[in-house]
1. Among the aspartates and glutamates, which fall within straight-line cross-link reach of Lys153, defined as a Cα-Cα distance under 12 Å, with same-chain neighbours fewer than 8 residues apart omitted?
2. Taking the mean number of other Cβ atoms within 10 Å as a proxy for protection, how do you rank 257-264, 292-299, 162-169 from highest to lowest?
3. May I ask you to derive the relative contact order of the stretch 242-321, considering only C-alpha pairs under 8 Å and at least 6 residues apart, and to give it as an integer percent?
4. Defining a contact as two alpha carbons under 8 Å apart and six or more residues distant in sequence, what relative contact order in percent does the stretch 1-87 show?
5. Would you kindly state the longest site-free stretch of the chain, with sites defined as GluC sites (Glu not before Pro) in a DSSP loop (not H, G, I, E, B) surrounded by at most 16 other Cβ atoms within 10 Å?
6. Which pairs break 28 Å Cα to Cα here: Lys114/Lys134; Lys14/Lys114; Lys134/Lys266; Lys52/Lys134; Lys14/Lys52?
7. Say the dipole of the chain comes from +1 at the beta carbon of Lys and Arg and -1 at that of Asp and Glu; which of Ala282, Pro139, Ala246 then lies farthest toward its positive end?
8. In cubic angstrom, how much convex hull volume per residue do the alpha carbon atoms of the chain span?
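The values are calculated or read from the model by the stated rules, or taken from the named source; none is laboratory data. Quick caveat, the model's predicted, so the values are computed rather than measured. Note that each Cβ is placed from the backbone with ideal geometry, even for glycine, and that neighbours are counted across all protein chains shown. Areas reflect the complete protein model, heavy atoms only, side chains present, ligands, DNA and RNA absent. Shrake-Rupley method; radii C 1.70, N 1.55, O 1.52, S 1.80 Å.
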Amino acid sequence: MTACLAISNQSIAKALTILAAGQLVAFPTETVYGLGADATNAAAVARIFAAKQRPAFNPLISHVASADAAFALGQKTRIAAALAAAFWPGPLTLILQRTDDCPVAMLTTAGLDKLGIRVPAHRGAQTLLQAFSKPIAAPSANPSGRISPSTAKHVLNGLDGRLDLVLDGGSCESGLESTIIDCTGEVARLLRPGGITRDAMAAALAAANCNPQIDIAEPLADRENPVAPGQLASHYAPKAPVRLMAKTSSADEELIGFGTVSGAGKLALNLSPSADLVEAAANLFSMLHAVDAADIAKIAIAPIPHTGLGEAINDRLRRAAAPR
Ligand code: TXA
Ligand code: MG
């Protein structure tokens, strides 16, 4: 059962306990309700994907209370500083390079070294974020493929029983998701149109003596998966070739295990010795990064069951193993 409580000191305190325990809380923002988890806790973030029954790992937006908190996680560029000054708090998500000591879990960004970050203006969201004092990862609080929720009731209609608490802050002001803009390059790139318009952003950039040009991200190549940007071409891929469904490995391979198939090689990693798919999802990107960093020539990966989160894990592994 999912509790649904109006925002108050008591319900915020309850939300903090749930988040600290690595569980899920839905909360309102001025755009839509988000399905939140501690962004620094990979297992908690894995539960978001499980609850949404998302068949793939899409990078998630991290929410924080202030621009200062945001720029501790993502590198501040001139464009980012100008847009943050003009539109935060508000319905704008900036894509920034992770800082060197960024504590956001690799699963939150689906293995990317770029981070989506937003400072919402909604009072309830602000209260929660200030009190939690860590970033909260949150996609829209709807089952995968359904429309974004703008009331607590919408959240319950879609996800009842799959999270612990919905903080009810009434109807969201806009119901339209945040604008997403990549600020990592010389020129800003619009990834998703939303509450903040291109014209308004161009004007803010010009007023701050920044290049006011805003490119639009090229259409996605993969038409079979017409999801939001971030999921496809830009997805993290390991350097070494990947072989799937491996139960044993050769001398030049690093075997990443799962369950009773133990890891072998230099690092001998296991995604989850107890065959727990939440744990495996939580470890997936950080282990692929670790293997890459260890300069390994070939990667082999144990079979993962295709149930629950296994579907998203296998989707990611298929992409990692695809010929390049
Ligand atoms: O208004 C909103 O943005 C709401 C509220 C809850 O903040 N959130 C939301 O999240 O709409 P979601 O997961 O439904 O959509 C976020 C999109 C994803 O489709 C993802 O592709 C993109 O943001 N994204 C997040 N991080 C990214 C990154 N590092 N690089 C590229 N795209 C990213
Ligand atoms: Mg969504």
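1. Asp168
2. Peptide ranking by packing, descending: 162-169, 257-264, 292-299.
3. With pairs under 8 Å counted, the relative contact order is 37 percent.
4. 14 percent
5. Longest stretch, sites excluded: 1-172.
6. Cα-Cα > 28 Å for Lys14/Lys114; Lys134/Lys266; rest within.
7. Value computed over the given set: Ala246.
8. Each residue corresponds to 127 Å³ of Cα convex hull volume.
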